[in-house]
Amino acid sequence: MTTTTDTVSDLERLKTLHNGEKQPLTFSAEEFERRLSGLRRIMSEQGLDAAILTSYHGIKYYSDFLYTTFGRNYALVVTQDDSVTVTANIDAGMPWRTSHADNIVYTDWKRDNFYYGLQQAVARAGVPASRIGVEDDSLPVMTRRSIQDAFPDAELLDVSQAAMRQRMIKSDEEIEVIRHGARIADLGGEAIKAAIREGIMEYEVALIGTEAMTHEIARTFPHREVRDTWVWFQSGINTDGAHNWATTRRLQHGDILSLNCFPMTSGYYTALERTLFLGEPDETSLHLWNVNVEVHRRGLELIRPGAVCKDIAAELNEIYVSHGLLPRRTFGYGHSFGVLSHYYGREAGLELREDIDTVLEPGMVVSMEPMITIPEGEPGAGGYREHDILVVQEDGAENITGFGFGPEHNIILA
């Protein structure tokens with residue numbers, strides 16, 4: 001017989017695990033309070049008593065904590081006077097140490113402890129919650145139903161679109177992190193370019209780029225987690241899709257290549273993408289490459305305050321039309337940057353596509369990334385793409401990508 005808890009049924013449903021000390025965060029306390037104030041204004045406008053954020057990007061943006069789900073639920077509960085993460089016991093004190101918010105830990109000892117934790121977090125406000133904001137753009141139906149069951153007298157309303165609009169405008173602190181990310185992507189690109197040779201495998205090149213960026217991230221952000229940085233390096237037919245992972249294919253003379261560097265600096269995604277050739281490209285390939293570069297150059301000129309996303313797409317389409325290549329375009333011309341990754345996050349209202357009427361404003365950060373794909377068996381087969389990051393300013397836009405693009409820079413002589 002023990003002198004402590006004897007059975008699982010006696011174990012606590014929730015814990016306070018303020019283990020260790022709060023760690024330095026990606027941004028200042030003032031920056032997080034600015035963000036929370038913006039969310040609280042949204043809540044006031046919508047008459048919300050609380051917001052329960054469950055997405056990677058929502059929790060990260062307002063608290064700095066980036067969770068790893070492994071089948072468990074996570075949340076940030078925000079009221080007018082409080083913000084608290086609700087996290088799984090498997091992560092112990094790390095969520096508290098790495099967030100601006102307070103923290104409640106839920107255990108596995110009883111079913112639905114996560115939702116019990118949400119109830120307790122909302123109850124800290126001291127008033128019943130009749131209207132609660134949730135993120136319908138990323139909230140699974142079953143989880144939403146369970147939140148509703150936990151708050152049967154409350155109306156759940158979507159807050160995701162208003163929060164997304166808040167995230168579109170970056171602060172000076174955010175832009176500084178994004179600048180570092182663009183610089184680190186350039187370093188990864190240079191390491192990759194230096195490694196390209198006949199016979200090396202795609203994944204070997206990708207590892208070289210990833211390692212170079214990871215070391216620089218650790219040097220630049222020594223107080224934050226080192227995680228999630230990756231490279232897509234493609235050759236030949238594997239260049240046809242923008243999101244194709246590296247394989248064991250060996251590079252051959254004459255190959256079209258795609259270099260794609262993605263440093264993740266504390267949850268903030270940046271990117272560098274370039275077309276290259278191993279050896280001189282044939283005439284058709286060179287023509288296609290130059291057309292895509294023409295689109296890219298014009299796109300860089302069009303990004304400025306007051307420009308409308310759909311108008312940028314329409315003008316760039318006309319260049320492809322003039323060369324008979326519009327059907328070969330594969331996706332939109334660019335998107336917003338910030339808290340996003342290949343497996344979470346998106347500011348869908350700020351994409352350079354024909355169906356987006358958002359007007360560019362100072363403080364927005366967007367890419368220009370035209371791409372065309374020519375199918376295997378046709379002259380010039382492969383995927384052609386370039387990618388730069390621009391910060392929209394009061395009187396124009398600053399390109400913070402420094403890696404050269406086009407045939408004058410990226411033909412690798414074998």
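Of the residues examined, residue 405 is not one that is open to solvent by 50 Å² or more (accessible area, probe 1.4 Å), assigned to a loop (DSSP other than H, G, I, E, B) and hydrophobic (A, V, I, L, M, F, W, C).
If the condition is being buried (at least 18 other Cβ atoms within 10 Å of the Cβ) and touching a residue at least 24 places away in the same chain (Cβ under 8 Å), then the stretch 184-196 contributes 184, 185, 186, 187, 188, 189, 192, 193, 196. Among the residues of the stretch 204-253, just one is open to solvent by less than 40 Å² (accessible area, probe 1.4 Å), at pLDDT below 95 and charged (D, E, K, R), namely 224.
Of all the listed residues (277, 331), the sole one being touching a residue at least 40 places away in the same chain (Cβ under 8 Å), closer than 18 Å to residue 242 by Cα and part of a strand (DSSP E or B) is 277. Residues of the stretch 254-280 that are modelled with pLDDT of 95 or more and among the aromatic types (Phe, Trp, Tyr): 262, 277. If you check residue 346 against the conditions, is it more than 19 Å from the chain's Cα centre (by Cα) and closer than 21 Å to residue 245 by Cα? So residue 346 does not fit the description; no. Selection over the stretch 379-400 of residues that are under 25 Å from residue 323 (Cβ atoms), assigned to a loop (DSSP other than H, G, I, E, B) and open to solvent by 20 Å² or more (accessible area, probe 1.4 Å) gives a count of 2.
For the stretch 308-340, a tally of residues being under 24 Å from the mean Cα position of the chain (by Cα) and either surrounded by fewer than 19 Cβ atoms within 10 Å (Cβ to Cβ) or over 22 Å from residue 392 (Cβ atoms) (or both) returns 5.
Quick check on the stretch 282-300. Is at least one of its residues at pLDDT 95 or above, farther than 16 Å from residue 169 by Cα and assigned to a loop (DSSP other than H, G, I, E, B)? Yes, the conditions are met somewhere in the stretch 282-300. If the condition is being part of a helix (DSSP H, G or I) and open to solvent by 50 Å² or more (accessible area, probe 1.4 Å), then the stretch 38-52 contributes 41, 44, 45, 46. Residue 199 meets the conditions (1) touching a helix residue (DSSP H, G or I) at 6+ places or on another chain (Cβ under 8 Å); (2) open to solvent by 20 Å² or more (accessible area, probe 1.4 Å) in every case but one. The failed one is (1). Taking the criterion of being surrounded by fewer than 18 Cβ atoms within 10 Å (Cβ to Cβ) and within 26 Å of residue 232 (Cα to Cα), would at least one residue in the stretch 259-279 satisfy it? So far as the stretch 259-279 goes, yes, one or more of its residues are surrounded by fewer than 18 Cβ atoms within 10 Å (Cβ to Cβ) and within 26 Å of residue 232 (Cα to Cα). If the condition is being farther than 24 Å from residue 187 by Cβ, surrounded by 17 or more Cβ atoms within 10 Å (Cβ to Cβ) and aliphatic (A, V, I, L, M), then the stretch 280-302 contributes 288, 291, 295, 302. Residues considered: 354, 376, 361. Of these, the only one that is within 18 Å of residue 174 (Cβ to Cβ) and assigned to a loop (DSSP other than H, G, I, E, B) is 361. For the stretch 198-220, the set of residues classified as farther than 16 Å from residue 184 by Cβ and in contact (Cβ under 8 Å) with a residue 40 or more places away in the chain consists of 198, 199, 200, 201, 202, 203, 205, listed by residue number. Taking residue 188 as the residue in question, decide whether it is assigned to a loop (DSSP other than H, G, I, E, B) and closer than 27 Å to residue 330 by Cα. It is false that residue 188 is assigned to a loop (DSSP other than H, G, I, E, B) and closer than 27 Å to residue 330 by Cα.
Helices (runs of 4 or more DSSP H) fully within the stretch 53-147 that include at least 3 residues being open to solvent by less than 10 Å² (accessible area, probe 1.4 Å): 56-63, 113-123. Residue 33 meets each of the listed conditions (1) of a type outside the set (Ser, Thr, Tyr); (2) crowded, with 20+ Cβ neighbours inside 10 Å; (3) assigned to a helix (DSSP H, G or I) apart from (2). Of the residues in the stretch 126-146, at least one is out of contact with any Asp or Glu (no Cβ under 9 Å at 6 or more places or on another chain), free of Cβ contacts under 8 Å to residues at least 24 places away in the same chain and among the aliphatic types (A, V, I, L, M).
For residues that are over 21 Å from residue 380 (Cβ atoms) and not in a loop (DSSP other than H, G, I, E, B), tally how many sit in the stretch 234-245. Residues meeting the conditions: 0. Cβ separations smaller than 6 Å between residues 6+ apart or across chains give the following pairs from the stretch 246-271 residues that are within 20 Å of residue 228 (Cα to Cα) and part of a loop (DSSP other than H, G, I, E, B) to residues that are of a type in the set (Asp, Glu) and open to solvent by less than 10 Å² (accessible area, probe 1.4 Å): 246/202; 247/202.
The values are calculated or read from the model by the stated rules, or taken from the named source; none is laboratory data. Worth saying up front: this structure is predicted, and the values here are computed from it rather than measured. Don't worry about glycine lacking a Cβ; one is built from the backbone with ideal geometry, like all the others, and counts go over all protein chains shown. To get the accessible areas, we keep the full protein, side chains included, count just its heavy atoms, and leave off ligands, DNA and RNA. Shrake-Rupley method; radii C 1.70, N 1.55, O 1.52, S 1.80 Å.
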